[in-house]
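This report concerns only the one structure given below.
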Amino acid sequence: MRILLADDDDQLQRALRITLAARGYEVIAARDGAEAIDLAANARPDLILLDLGMPKVDGLDVIRAVRAWSNVPILVLSGRTDSAEKVDALDAGADDYVTKPFAMDELLARIRARARSTGGEADASAYEIGALTVDLAAKTIRSADASSHATSVRLTPTEWRLLELFLKNPGRLLTRQMLLSEVWGPFHANDAGYLRLYVAQLRRKLEPTPSEPRFFVTEPGMGYRFEPGAAEA
């Protein structure tokens, strides 16, 4: 897997290059936004790690430029902690956002999540949520444990559309605006009440303990994230 690391912090670049190379990733580096755009176009990375505060071309403009022609996953690494700036990056086309300073284990987990979601699983229809197996094509949910006598789970058409977005974007932070627009349409992008209601219903039907969600996680002020590996943790 080839990773484009775009960050002007030399010390962080060195640390990340050593860590990523030790885990088998091929790393190419850019130290300003213009170089990042050029490498994204010509080196064809499988993932981009991008700082927002880049010289020459700001990180947000890098995201917009890359998104004009590529769907490569973009994971933002930034010291900007304001929720509005995070939402701006995600709405511009970033797939995830990690705030500096960050734990290396967390970053590696986010990279693995993006690799899984782009590793040839685009046509898959079966997904696991804890002890449940979800078949999007057949619109069925059953227990993964053959000895279980649990009744099948029934979802409404709207719940299925919302669940499909979560399942096809494992580990990715999905903004409220993106979910509302995709499920209910662009004219409902600010109707957060719809989203809270339906996420609560998914949790009630699919989470082992709905009041303590492990799979459908809230990111305060931004949106939600589906964590498929939560049961293993």
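The values are calculated or read from the model by the stated rules, or taken from the named source; none is laboratory data. None of these values were measured; they are calculated from a predicted model. Positions of Cβ are generated from backbone atoms using ideal geometry, with glycine treated the same way; all protein chains shown enter the neighbour counts.
Going by the conditions given, is Ile37 over 19 Å from the mean Cα position of the chain (by Cα), part of a helix (DSSP H, G or I) and in the same structural domain as Leu108 (by TED's automatic domain parsing)? Give the derivation first.
On the way: over 19 Å from the mean Cα position of the chain (by Cα): yes; part of a helix (DSSP H, G or I): yes; in the same structural domain as Leu108 (by TED's automatic domain parsing): yes.
Yes.
Can you tell me which residue in segment 171-207 is modelled with the lowest pLDDT, limited to those that are in contact with a Lys or Arg (Cβ under 7 Å, 6 or more places away or on another chain) and more than 21 Å from Ser83 (Cα to Cα)?
Val183
With the requirement that a residue be in a loop (DSSP other than H, G, I, E, B), buried (at least 19 other Cβ atoms within 10 Å of the Cβ) and small (Gly, Ala, Ser), what does segment 73-91 give you? Working first, answer last.
We begin by selecting, within segment 73-91, every residue in a loop (DSSP other than H, G, I, E, B); these are 73, 79-82.
Next cut, buried (at least 19 other Cβ atoms within 10 Å of the Cβ) only: 73.
The answer is none; no residue qualifies.
Kindly indicate which of Asp105, Asp95, Asp135 is closer than 23 Å to Thr19 by Cα, of a type outside the set (Ser, Thr, Tyr), at pLDDT below 90 and out of contact with any helix residue (DSSP H, G or I) (no Cβ under 9 Å at 6 or more places or on another chain). Spell out how you get there, then give the answer.
Numbers: Asp95 fails: out of contact with any helix residue (DSSP H, G or I) (no Cβ under 9 Å at 6 or more places or on another chain); Asp135 fails: closer than 23 Å to Thr19 by Cα.
Among Asp105, Asp95, Asp135, only Asp105 is closer than 23 Å to Thr19 by Cα, of a type outside the set (Ser, Thr, Tyr), at pLDDT below 90 and out of contact with any helix residue (DSSP H, G or I) (no Cβ under 9 Å at 6 or more places or on another chain).
Identify the single condition in (1) of a type in the set (Gly, Ala, Ser); (2) in contact with a strand residue (DSSP E or B) (Cβ under 7 Å, 6 or more places away or on another chain); (3) not in a helix (DSSP H, G or I) that Ser70 does not satisfy, given that it satisfies every other one.
(2)
Just give me the residues in segment 40-70 being within 14 Å of Leu5 (Cβ to Cβ) and more than 21 Å from the chain's Cα centre (by Cα), in sequence order.
Ala43, Met54
Take Ala94 and decide whether it is of a type in the set (Gly, Ala, Ser), outside any loop (DSSP other than H, G, I, E, B) and not assigned by TED's automatic domain parsing to the domain that holds Thr175. Break it down into steps so the answer makes sense when it comes.
Values: of a type in the set (Gly, Ala, Ser): yes; outside any loop (DSSP other than H, G, I, E, B): no; not assigned by TED's automatic domain parsing to the domain that holds Thr175: yes.
In short, no.
Give the residue, chosen from Leu52, Leu5, that is at pLDDT 90 or above and closer than 18 Å to Ala113 by Cα. Spell out how you get there, then give the answer.
Working: Leu52 fails: closer than 18 Å to Ala113 by Cα.
Only one candidate passes the filter, namely Leu5.
Go through segment 1-31 and count every residue that is free of Cβ contacts under 8 Å to residues at least 24 places away in the same chain, of a type outside the set (A, V, I, L, M, F, W, C) and surrounded by fewer than 18 Cβ atoms within 10 Å (Cβ to Cβ).
5
Within segment 1-32, track down each residue that is assigned to a helix (DSSP H, G or I) and farther than 16 Å from Gly79 by Cβ. Outline the logic, then answer.
At the first step, the residues of segment 1-32 found to be assigned to a helix (DSSP H, G or I) are 10-22.
Within segment 1-32, Arg14, Arg17, Ile18, Thr19, Leu20, Ala21, Ala22 qualify.
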